[in-house]
Amino acid sequence: MGQAIGGMLAMAVAVAFSPIPIIAVVLLLTGTDGKPKGVAYVAGSVTSTAILGGILLATGVGAGASSDGGPSTATSVLKLVLGLLLLGLAGRQWRGRPLEGEEAVMPKWMGALDAFNPAKALGAGVVLNVFNPKNLLLIVAGATAVASAGATGGQEAVAWAVFTVIAAIGVTTPVVIAFSMGDRSDELLGRLKAWMAHNNGVIMAVILLLIGVKLLGDGIAGL
């Protein structure tokens, strides 16, 4: 199980630091009746990670070994493809980063978050987690790492529970701040939102580059 957890750890941390989902939960928290919507958003994010990972592991993504006990050719090819896709996204994020003196341009749909009720906030947590291309690739890569570790079904379940908890740290932290600090949290959350919005491209470019290179290397080594 240690190998399964170690293999997916970098992907889980990358999901945790994905800026757009964090910015979204901060916007919900600082809007009208923000706390129930923030909790609902986190519930959607956490549940979707757990369910998607469970489906991927149940269908055997990345499972199997070669005759010498190493990863199968299919697993190595999958890692190679995921690595290339992540490197492509890293380049896209870097090119789209705001230059010095420029304002970060946020998606127009974020302006509608304040009008969301808790049910819509829960749906937003799902959409911004598993339908976000960057997060989706990272979740698939994490499930592939767990499945290719040769662990038992129970060990895989535990490893994916650990992935889910780590991946949720980013969106859970603003909610914890809001509940613990009350109205005093607005200024802190506002600064967090502004910083992550401005540095979104750089943060994700670096994270995706590092994980993409790792997966690319693992894929090449396994072929």
### Task
Of the listed values [x] 18.2, 57; [y] 18.1, 60; [z] 15.7, 54, grab the one calculated as Rg and Dmax of the Cα atoms in Å from the structure here.
[y]
### Computed label-point distance, nm, for sites residue 161 and residue 43 using a 7 Å Cα→Cβ extension
2.1 nm
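Let me spell out the model: positive unit charges on the Cβ of Lys and Arg, negative unit charges on the Cβ of Asp and Glu, origin at the Cα centre of the chain. What dipole size does that give, in debye rounded to 20? Numbers along the way, then the final one.
On the way: 13 positive and 11 negative charges, 42 e Å.
For the chain, the charge dipole is close to 200 debye.
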#### Entry: Efficiency of FRET from Cβ geometry, residue 74 and residue 97, R₀ 25 Å, rounded to 0.05
0.10
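When only C-alpha pairs under 8 Å and at least 6 residues apart count, what is the relative contact order of the chain, in percent?
Details: 333 pairs, mean separation 105.8, N = 223.
Rounded, it is 47 percent for the chain.
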### Query
Does anyone have the angle between helix 19-29 and the longest principal axis of the chain? Alpha-carbon axes, 0 to 90°, nearest 10?
40 degrees
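Can you tell me how much longer the chain between residue 117 and residue 17 gets when fully stretched, taken as 0.36 nm per residue apart minus their C-alpha distance, in nm with one decimal? Kindly include the intermediate steps, with their values, before the conclusion.
On the way: separation 100, 0.36 × 100 = 36.00 nm, distance 2.51 nm.
Full extension of this stretch gives 33.5 nm more.
Which pairs, out of 35/193; 120/214; 37/108; 79/120; 120/193, put more than 28 Å between their alpha-carbon atoms?
On the way: 35/193 16 Å; 120/214 36 Å; 37/108 19 Å; 79/120 34 Å; 120/193 21 Å.
From 35/193; 120/214; 37/108; 79/120; 120/193, over 28 Å: 120/214; 79/120.
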### Query
Expressed as an acute angle from 0 to 90° and rounded to the nearest 10, what is the orientation of the C-alpha long axis of helix 185-222 relative to the principal long axis of the chain?
10 degrees
### the chain - mean residue ellipticity at 222 nm from DSSP helices (-39,500 (n - 2.57) per run, n ≥ 4, rounded to 500)
-25500 deg cm²/dmol
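What is the sum of charges, Lys and Arg at +1 and Asp and Glu at -1, for the other residues whose Cβ falls under 13 Å from the Cβ of residue 26?
Result for the neighbourhood of residue 26: +1.
Taking 8 Å as the Cα distance limit and 6 or more residues as the minimum spacing, I'd like the relative contact order of segment 87-217 as a percentage. Display every interim value, and only then the final one.
On the way: 55 pairs, mean separation 75.3, N = 131.
Here the relative contact order equals 57 percent.
Taken together, the values in this text are just the output of simple stated rules run on the coordinates, not laboratory data. Just so it is clear, the model here is predicted, and its values are computed rather than measured. For neighbour counting, all protein chains shown are included, and Cβ atoms are generated from backbone atoms with ideal geometry for every residue, glycine included.
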